[in-house]
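K.L.:
One structure is given below, represented as structure tokens, and several questions about it will come after.
All of the numbers you see were taken from the coordinates with simple rules; none came from a lab. Not measured: the values here are computed from a predicted model. FYI the Cβ positions are ideal-geometry reconstructions off the backbone, even for glycines, and counts take in every protein chain you see.
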There are 2 protein chains.
Amino acid sequence: MRIGIIGVGTVGASVANILRDNKNVITARAGCEIIPAIGVVSNLNKKRDVEIELTDDVEKVLNDESIDVIVELMGGIEKPYEIIKKALKNGKAVVTANKALLAYHRYELQEIAGDTAFEYEAAVAGGIPIINALRDGLTANHIESIRGIMNGTCNYMLTKMINEGVDYETILKEAQELGYAEADPTFDVGGFDAAHKLLILGSIAYGIDAKPEDILIEGIQNISHEDIDFANEFNYSIKLLTIAKKVGKEIELRVHPSLIPTTEMISKVDGVMNGVSVVGDKVGETMYYGAGAGGDATASAVIANIIDIARRGKGSPMLGFEKPHGEDIRLMSKDDIRTKYYLRFRVEDKAGVLAKIATILGERNISIEKMIQKPLNRTCSHILLSTHTSVEKDIIEALKTIEEAGVVTAKPAMIRIED
Amino acid sequence: MRIGIIGVGTVGASVANILRDNKNVITARAGCEIIPAIGVVSNLNKKRDVEIELTDDVEKVLNDESIDVIVELMGGIEKPYEIIKKALKNGKAVVTANKALLAYHRYELQEIAGDTAFEYEAAVAGGIPIINALRDGLTANHIESIRGIMNGTCNYMLTKMINEGVDYETILKEAQELGYAEADPTFDVGGFDAAHKLLILGSIAYGIDAKPEDILIEGIQNISHEDIDFANEFNYSIKLLTIAKKVGKEIELRVHPSLIPTTEMISKVDGVMNGVSVVGDKVGETMYYGAGAGGDATASAVIANIIDIARRGKGSPMLGFEKPHGEDIRLMSKDDIRTKYYLRFRVEDKAGVLAKIATILGERNISIEKMIQKPLNRTCSHILLSTHTSVEKDIIEALKTIEEAGVVTAKPAMIRIED
């Protein structure tokens, strides 16, 4: 089986090199040799750590009848979309690691692929075979929830913040120096990368079509050391969680920093590692843990897909369902999310402030579970509290009202609690 | 697709009932309806919590041309082996949860099955899709090691012992009362159940054929509270680990209690839960966590296999390799295992005892990493120590020599350390 690799960066080079280095075991598992026949790059003059033939002519590869599988690793959205459509039209199987592409075009691609294999294990949580587990391993279950730690940059930063008390700006700089974060880190720290992955898992679990702009996405930029202290004091971990949850006929899809009890297995996923916890109605909780990024780990998932295709052509339905599965499901409005909340208010030390805050919360049926007040300086304090289960809309309104009432000296902070 | 269930106990009933309860989502995923058409039981008079038709005539079901898949859940070895052979001969796909059968007959069954689907996800770690992950998700990798916690009974008992200081006999009685342990607990606490599962994973990872009697199997019966104290003091967890490891051309397969640093993810798998850590040469460590037993969790895996068969017939090679993969691998002799060891000696408080022990160890190139001596009563002490990496044969000999030299007042204890 001959493959063409579109985009020979870190992951593409790893794919070619692993197919060379682990050829014996891969051939024995696949039942045939898998040959990285050609790579497509935009700049042929750039030195690359691969031995395969390179070209800058993508059309040539797409029209080469000796190529059986196209591996798309170029990144971007519209350009790879066109290339993949053409590859599928030419009857070539496709493997991609491109989560942004799938976040926007997965249903069109499923339609276009039809009976041609289209696989994307590497698009979610890198080397962890989570697509495999969710799409093939847990199919007997109604999925009750998915909670994922799927952005290694954020998890590295949050782990350092909570374990070592480092502040956000310092750790961001360190992550950039280590190559864990980009010069413009927004895509990672803003939660968008994780959201793309969540949308893919949401489709497999629930057959739900949604785009990034439809769902709640919050990043980790506003986590302060007071929040970290609260988390440590009450045995919470702070993670950027991707959450998919079924509540009746509605599906919640959201990405945001979350407080998780340290007793939960997923809270133990630290550093750059990824973890995904899936709760099925029959199997209970299962969890999947491993490297979410890196050339070799990502290539491991890409090659597993190529071997799948060698073994059986198209296996399971691309997005898990043969056709929309008929249950009348819909995306839950952000306003209707119900969870527990941690709130932080910076207030002046004067009589009546706490009463005012408590009153505003109480009027919106927000009841307080735990509260601590800590002096900040001679004139100011922090009020940190957690609520019982409340409705997102009520929380947002209450925070706005509290801010407008002039009882706080800074914008209130809020982190959702998932337990 | 119509299935016949041979053995309608807890798991068999769950399979039938989940196919009924989750029919909509299963049909949408499988692309066809999966009908639990008939169950085979030995006693038709026993009341069972299922709605399906029952018979005590297994031949009738095996010869029924309307049955597409046989699900074997009867247990035992030789009887299900004969039934499955007949089912395969009649062209029926087979799904089993029977680990003992596979521990002995997996290679014959792979041969007999040929192009007919034969699946067994539920045989290892219950509801965790570990066969799926290892056989299909990590195929790009040379597997460096597998470390599994795959017996919930042992893990429940060890967790209680280490967290609550309960002794072995007390916790065994409790586990029996809770239904986690059998009246004769040997199969679980002796490590045999875990060994059956390990042999299956060993085949998928390395293509190695071995039987339970070929490998090192030790149970948890001799773990004492002194060992627990040592573990707690030096930040180890104690787990019954199943270990498969590649060292050059040799494969280690072993099951025994192990001390694992509490910093490792696998050490956090507590209570009745199962966890399997797999290290691939490219992907690094991945870990899989979930319920290893229970009717619904096990049935979740059985049904996932049935859906696989509905989707694609035979998918991957049953044991992961199209044919023996050609690398000249062999099972490592138990004597040659190299790891770190924890040793416990009960000694009389008199001059020269420690020197004698240290000398015997030193003569066999066993060097001591950490040591503590604790008084036991007015005349006796415990010497607890951990070694640097040593050779199993040397350890066994040293312990024998120490015992024979009359410097200990009880049989020395040993637990292997895996870090």
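K.L.:
Using the scaling law 2.2 N^0.38 Å as the reference, what is the normalised Cα Rg of the stretch A:128-174?
P.N.:
Numbers: Rg = 16.1 Å, N = 47, 2.2 N^0.38 = 9.5 Å.
Normalised Rg, Cα atoms only: 1.70.
K.L.:
Right, next: Which of A:Ile372, A:Ala351, A:Ala405 sits closest to the plus end of the dipole of the stretch A:334-417, meaning its Cα is farthest towards the positive end, when Lys and Arg get +1 and Asp and Glu get -1 on the C-beta?
P.N.:
Result: A:Ile372, furthest along the dipole toward the positive end.
K.L.:
At A:Gly406, label 7 Å along Cα→Cβ: distances to the other copies, nm, ascending?
P.N.:
Result for A:Gly406, in nm, nearest copy first: 9.4.
K.L.:
Given C-alpha coordinates of the stretch A:115-263, what is the ratio Rg to Rh with the Kirkwood estimate of Rh? Walk me through the intermediate numbers first.
P.N.:
Values: Rg = 16.3 Å, Rh = 16.3 Å.
With Rh from the inverse mean 1/r over Cα pairs, Rg/Rh is 1.00.
K.L.:
Regarding the stretch A:76-172, what's the average projected area of the Cα-atom convex hull, expressed in nm²? Can you show the working numbers first?
P.N.:
On the way: hull surface 34.6 nm².
Convex hull of Cα atoms, orientation-averaged projection: 8.6 nm².
K.L.:
Work the Kirkwood hydrodynamic radius out for the protein assembly as shown: mean of 1/r over every pair of different alpha-carbon atoms, inverted, in Å.
P.N.:
Values: mean 1/r = 0.0348 Å⁻¹.
After inverting the mean inverse Cα-Cα distance, the result is 28.8 Å.
K.L.:
Okay, moving on. Lys and Arg at +1, Asp and Glu at -1: add these up for the other residues within a Cβ distance under 11 Å of B:Ala291 and post the number.
P.N.:
On the way: positive: A:Lys282; negative: A:Glu285, B:Asp296.
Every neighbour counted, the sum reads -1.
K.L.:
Near A:Leu199, within a Cβ-to-Cβ distance under 10 Å, what is the net charge of the other residues, with Lys and Arg +1 and Asp and Glu -1? Provide the component values of the computation, followed by the final result.
P.N.:
Values: positive: A:Lys99, A:Arg106, A:Lys197, A:Lys211; negative: A:Asp209, A:Asp214.
Net local charge, A:Leu199 excluded: +2.
K.L.:
Determine the calculated [θ] at 222 nm for the protein assembly as shown from helices alone, applying -39500 (n - 2.57) to every DSSP H run no shorter than 4 residues and normalising by the residue count; nearest 500 deg cm²/dmol. Display every interim value, and only then the final one.
P.N.:
Working: 26 runs with 290 residues, N = 838.
Calculated at 222 nm, the ellipticity per residue is -10500 deg cm²/dmol.
K.L.:
Hey, for B:Leu44 with labels 7 Å out along Cα-Cβ, what do the inter-copy distances come to in nm, ordered shortest first?
P.N.:
From this label point to the equivalent ones elsewhere in the assembly: 7.8 nm.
K.L.:
Further question: Between the label point of B:Asp115 and that of the same position in each other copy, find the distances and list them shortest first in nm, with every label point placed 7 Å from Cα along the Cα-to-C-beta direction.
P.N.:
Output for B:Asp115: 1.6 nm, nearest copy listed first.
K.L.:
Still on this structure, please answer the following. Which trypsin sites (Lys or Arg not before Pro) from the stretch B:13-76 combine a DSSP loop assignment with at most 12 other Cβ atoms within 10 Å?
P.N.:
Details: sites: B:Arg20, B:Lys23, B:Arg29, B:Lys46, B:Lys47, B:Arg48, B:Lys60; in loops: B:Lys46, B:Lys47, B:Arg48.
Listed in order of number, the matching sites are B:Lys46, B:Lys47.
K.L.:
Between B:Val391, B:Val189, B:Val71, find the one with the highest GNM mean-square fluctuation for chain B; connect C-alpha pairs within less than 10 Å.
P.N.:
Among B:Val391, B:Val189, B:Val71, the largest GNM mean-square fluctuation belongs to B:Val391.
K.L.:
Over the stretch B:372-412, how many percent of alpha carbon pairs lie in each 10 Å bin up to the one with the longest distance?
P.N.:
In whole percents, the pair-distance histogram is 24, 50, 24, 2.
K.L.:
Please sort through the DSSP H helices of chain B and keep those with an alpha-carbon extent of at least 20 Å along the long axis and a Kyte-Doolittle average not below 1.0. Walk me through the numbers on the way to the answer.
P.N.:
Details: long enough: B:192-206 (21 Å, 1.03); B:295-312 (26 Å, 0.54).
Within chain B the helices that satisfy the rule are B:192-206.
K.L.:
Using DSSP to call loops (not H, G, I, E or B), can you name the GluC sites (Glu not before Pro) in the stretch B:1-91 whose Cβ has at most 13 other Cβ atoms within 10 angstrom? Write out the running numbers ahead of the final one.
P.N.:
On the way: sites: B:Glu33, B:Glu51, B:Glu53, B:Glu59, B:Glu65, B:Glu72, B:Glu78, B:Glu82; in loops: B:Glu33, B:Glu51, B:Glu65.
Sparse-neighbourhood loop GluC sites (Glu not before Pro): B:Glu33, B:Glu51, B:Glu65.
K.L.:
Could you identify which residue out of A:Gly320, A:Gly126, A:Gly294 has the top mean-square fluctuation in a GNM of chain A using Cα springs shorter than 10 Å?
P.N.:
In this elastic network of chain A, the residue with the biggest mean-square fluctuation among A:Gly320, A:Gly126, A:Gly294 is A:Gly294.
K.L.:
For chain B, rounded, prolate or oblate, judged on the Cα gyration tensor with a ≥ b ≥ c (square roots of eigenvalues), a/c < 1.5 rounded, else prolate if a/b > b/c? Please list the in-between numbers first.
P.N.:
Details: a/c = 2.54, a/b = 1.92, b/c = 1.32.
The shape class here is prolate.
K.L.:
Loop only per DSSP, at most 14 neighbouring Cβ atoms within 10 Å: give me the trypsin sites (Lys or Arg not before Pro) in the stretch A:353-404, ordered by residue number.
P.N.:
Details: sites: A:Lys356, A:Arg364, A:Lys370, A:Arg378, A:Lys393, A:Lys400; in loops: A:Arg364, A:Arg378.
Listed in order of number, the matching sites are A:Arg378.
K.L.:
Of all DSSP beta bridges located in the protein assembly as shown, what percent are antiparallel, nearest 5? Walk me through the intermediate numbers first.
P.N.:
Values: 107 of 155 bridges.
Rounded to the nearest five, the antiparallel share is 70 percent.
K.L.:
Kirkwood Rh, Cα Rg: Rg to Rh for the stretch B:334-417?
P.N.:
Details: Rg = 12.1 Å, Rh = 12.7 Å.
Rg divided by Rh gives 0.95.
K.L.:
With a 10 Å cut-off between alpha carbons and a GNM built on chain B, which of B:Ile217, B:Ile146, B:Ile128 moves the most?
P.N.:
So, out of B:Ile217, B:Ile146, B:Ile128, the one fluctuating most is B:Ile217.
K.L.:
Binning at 10 angstrom from zero up to the longest distance, how are the C-alpha pair distances of the stretch B:191-311 distributed in percent?
P.N.:
Reading the bins upward from 0: 11, 35, 38, 14, 2, 0.
K.L.:
Okay, next question. Mind putting together the pair-distance distribution for the stretch B:8-100? All Cα pairs, 10 Å bins, whole percent per bin, short to long.
P.N.:
15, 48, 33, 4
K.L.:
Right, another one. Could you give me D for the stretch B:256-372, from Stokes-Einstein at 37 °C and 0.692 mPa s, where the hydrodynamic radius is the Kirkwood radius over C-alpha pairs? Units µm² s⁻¹, please.
P.N.:
Numbers: Rh = 20.1 Å.
So the translational diffusion coefficient is about 164 µm²/s.
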